[in-house]
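**Q** Pasting in a structure now, in structure tokens, and then I'll have a few things to ask.
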Amino acid sequence: MRWQIYATAGLALLAGLLFGVHGAASAVLGGIINQIADLAYAVLVSGSRVRTAGNTLRALFRAEAARIILIVLQMGWVLTTYKAVVHPVFFIAFAVSVIVFRMAILVKE
């Protein structure tokens, strides 16, 4: 999650320079949406007491469904309430956040 924060902050700085305050805010919102959804996923997966392979799969599917629902709801909320959102920056920051989270498994800390 730390790499997502770094990527979001970097994009926010770049977007702030190019598009001003609304660009920076759009980048932060785009990046944080996936981070919140990933946190919910982690909480749901780690909190489930699984004993069989079937229960493990059910827990993973439930957590992934919750993650997707959270992403859709948060994106809808941002796009309907924040009228000055810079759409390209918002969606690029979201995509980068998703990619960075998936690539974090390759980084040894």
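**Q** For V86, what residues show an amide H to amide H distance below 5 Å, using hydrogens built from the backbone and excluding near sequence neighbours?
**A** S26
**Q** Compare the peptides 24-36, 85-97 by average per-residue count of other Cβ atoms within 10 angstrom and give them in order, highest first. Could the numbers behind the result be given before it?
**A** Details: 24-36: 22.7, 85-97: 19.6.
For the peptides 24-36, 85-97, the packing ranking is 24-36, 85-97.
**Q** Expressed as a whole percentage, what fraction of the accessible surface of the chain belongs to carbon and sulfur atoms when a 1.4 Å probe is rolled over the protein heavy atoms?
**A** Details: 5310 of 7040 Å².
After summing per-atom areas, the C and S share lands at 75 percent.
**Q** While we're here: Between helix 21-47 and the chain, what is the angle of the helix's C-alpha long axis to the longest principal axis, kept within 0 to 90° and rounded to the nearest 10?
**A** Rounded to the nearest ten degrees, it is 10.
**Q** On to the next question. If a/c stays under 1.5 just call it rounded; otherwise compare a/b with b/c (prolate if a/b is bigger, oblate if not). Do that for the chain, with a ≥ b ≥ c from the square roots of the Cα gyration tensor eigenvalues. Present the calculation step by step, with values, prior to reporting the outcome.
**A** Numbers: a/c = 3.60, a/b = 1.80, b/c = 2.00.
It is oblate, given that a/c is not under 1.5 and a/b is not larger than b/c.
**Q** Let me ask you something else. Is the C-alpha gyration tensor of the stretch 44-99 telling us rounded, prolate or oblate? Criteria: a/c under 1.5 is rounded; beyond that, a/b larger than b/c is prolate, otherwise oblate. If you can, show how the numbers build up before the last one.
**A** Numbers: a/c = 4.63, a/b = 2.72, b/c = 1.70.
Prolate, because a/c is 1.5 or more and a/b exceeds b/c.
**Q** Subtract the Cα-Cα distance of A95 and T56 from 0.36 nm times their separation in residues, and report this length gain in nm to one decimal. Write out the running numbers ahead of the final one.
**A** Values: separation 39, 0.36 × 39 = 14.04 nm, distance 2.76 nm.
Roughly 11.3 nm would be gained on extension.
**Q** Further, regarding this structure: Write out the trypsin sites (Lys or Arg not before Pro) in the stretch 31-109 meeting two conditions: DSSP loop, and at most 13 other Cβ atoms within 10 Å of their Cβ. Walk me through the numbers on the way to the answer.
**A** Working: sites: R49, R51, R58, R62, R67, K83, R102, K108; in loops: R49, R51, K83, K108.
Taking the stretch 31-109 and a limit of 13 other Cβ atoms within 10 Å, the loop trypsin sites (Lys or Arg not before Pro) found are R49, R51, K83, K108.
**Q** Specify which residue in the list T56, L79, G31 is farthest towards the positive end of the charge dipole of the chain, using unit charges on the beta carbon of Lys, Arg (+1) and Asp, Glu (-1), about the Cα centre.
**A** T56
The values are calculated or read from the model by the stated rules, or taken from the named source; none is laboratory data. Computed from a predicted model, the values in this text were never measured in an experiment. With ideal geometry, Cβ positions are generated from the backbone for all residues, glycine too; neighbour counts draw on all protein chains shown. Remember, those area values only see protein heavy atoms, side chains included, never the ligands or the DNA or RNA. Shrake-Rupley method; radii C 1.70, N 1.55, O 1.52, S 1.80 Å.
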